[in-house]
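J.: Please read through the structure below; I'll follow up with questions.
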Ligand SMILES: Cc1ncc(C[n+]2csc(CCOP(=O)(O)OP(=O)(O)O)c2C)c(N)n1
Ligand code: SF4
């Protein structure tokens, strides 16, 4: 009881509650996604980003209910379409802090065609990908990141497919910030969301997250708790080669920052075109950011 009271006081004193909506998450008890709500509220508070300057865009899935649980602006769009919508929001108003969120099905199945473009253009948004290795909302079909051999309600004779490697894909598409975290380590998750959001350019944070209802055998807290390990000390986050080696090293690959390099954003390129065409740049307040 004393522990709970102390925890409640810590949350009340932290300023994070200001970013939470009155809607309570409707996820199954124990779902990894709860940690993401607190993680984003923490990051917005830590970076001093006003909630009225923040837009959270999602697709469809259990994970994509996310915008309801924050007291920011938000859009719950179509399945797989969080990234193009988030790109449009950012292009329309560079002053906004824009987050895209969604599941492995939303991002790497129906929405997969958008990934290379948002990465190569270096759109200045953060993409939080909640990877539970399954379609949760539609009751447990295999997803592009499901393990080979995984038995689900819709693959009772085992999944015959190899999983995709999202970290390797995002690195090869040219994302300027790539990292991984785990919902079962909320302090690490908070720190990584802050780092991803502080990056100027496209940041991709892959978050391993158990679906406690439809996966009792693979991506469980028990299994992840025993296999998740940190990125080795001394890893060079400016080396794409080193980051790719990390992304292919282990199941799961380690948690931490893989790659972080500065490069002009889509907004910078568009500004350049406006100047070339003799136009006038809009007046901007500038997005609040902490030093990387
Ligand atoms: C165009 C379209 N196709 C299919 C669906 C059905 N559908 C809804 S959510 C979903 C997959 C959700 O999986 P994921 O993105 O991994 O999210 P999770 O529920 O696991 O968080 C699917 C196939 C849909 N809503 N719209
Ligand atoms: S079905 Fe799975 S992913 Fe969806 S809320 Fe429940 S535990 Fe989370």
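J.: For the chain, set up a Gaussian network in which alpha carbons nearer than 10 Å are linked by springs, and say which option among 86, 46, 119 fluctuates the most.
T.: For the chain, modelled as a Gaussian network with Cα springs under 10 Å, the answer is 46.
J.: Also, quick follow-up: Once you put a point 7 Å from the Cα of residue 165 and another 7 Å from the Cα of residue 277, both along the Cβ direction, what distance in nm separates them?
T.: Computed distance between label sites residue 165 and residue 277 equals 4.1 nm.
J.: Here's another thing I want to ask about it. Hey, what angle do you get for helix 266-276 against the long axis of the chain, alpha-carbon based, 0 to 90 degrees rounded to 10?
T.: Here the helix axis deviates by roughly 20 degrees.
J.: Show me 175-185, 190-200 ranked by packing, highest mean number of other Cβ atoms within 10 Å first. All intermediate terms of the calculation are to be shown ahead of the outcome.
T.: Values: 175-185: 24.7, 190-200: 22.0.
The packing order, highest mean first, is 175-185, 190-200.
J.: Could you check how many percent of all C-alpha pairs in the chain are farther apart than 36 Å? Let's see the in-between values first.
T.: Working: 5607 of 42486 pairs.
Tail of the P(r) past 36 Å holds 13 percent of the pairs.
J.: Who wins for biggest fluctuation among 13, 104, 124 in a Gaussian network model of the chain, springs between alpha carbons below 10 Å?
T.: 13
J.: While we're here: Per residue, what volume in Å³ does the Cα convex hull of the stretch 66-223 take up?
T.: Details: hull volume 17.6 nm³, N = 158.
Per residue, the Cα convex hull of the stretch 66-223 comes to 112 Å³.
J.: Let's test the formula: R0 of 35 Å, r as the Cβ-Cβ distance of residue 239 and residue 7. What FRET efficiency results, to the nearest 0.05? List each step's numbers first, then the result.
T.: Working: r = 40 Å, r/R0 = 1.13.
The computed FRET efficiency comes out at 0.30.
J.: What percent do you get for the relative contact order of the stretch 30-276 when only Cα pairs under 8 Å and 6+ apart count? Kindly include the intermediate steps, with their values, before the conclusion.
T.: Values: 537 pairs, mean separation 47.8, N = 247.
Relative contact order for the stretch 30-276 comes out at 19 percent.
J.: When only Cα pairs under 8 Å and 6 or more residues apart are kept, what is the percent relative contact order across the stretch 102-161? Intermediate values should be presented prior to the final figure.
T.: On the way: 74 pairs, mean separation 17.3, N = 60.
Over the stretch 102-161, the number comes to 29 percent.
J.: Moving on. Where both residues lie in the chain, what percent of DSSP beta bridges are antiparallel, nearest 5? Walk me through the numbers before you get to the answer.
T.: Numbers: 8 of 35 bridges.
Looking only at bridges with both residues in the chain, the antiparallel portion is about 25 percent.
J.: Counting helices only, and only those DSSP H runs with n ≥ 4, report the 222 nm mean residue ellipticity of the chain as the sum of -39,500 (n - 2.57) divided by its residues, in deg cm²/dmol to the nearest 500.
T.: Numbers: 9 runs with 92 residues, N = 292.
For the chain, the value works out to -9500 deg cm²/dmol.
J.: I'd like to compare 130-139, 94-103, 255-264: which one has the highest average count of other Cβ atoms within 10 Å, and what's the full order after that? List each step's numbers first, then the result.
T.: Details: 130-139: 23.7, 94-103: 25.4, 255-264: 19.6.
Averaged packing, sorted descending, gives the order 94-103, 130-139, 255-264.
J.: Taking the Cα centre of each part, how many Å lie between the stretch 102-156 and the stretch 199-277?
T.: 14
Read-outs: derived from the displayed coordinates by stated rules, not from any lab. A quick note: this is a predicted structure, and the numbers were derived from the prediction, not measured. Cβ atoms come from the backbone with ideal geometry, glycine included; neighbour counts cover every protein chain shown.
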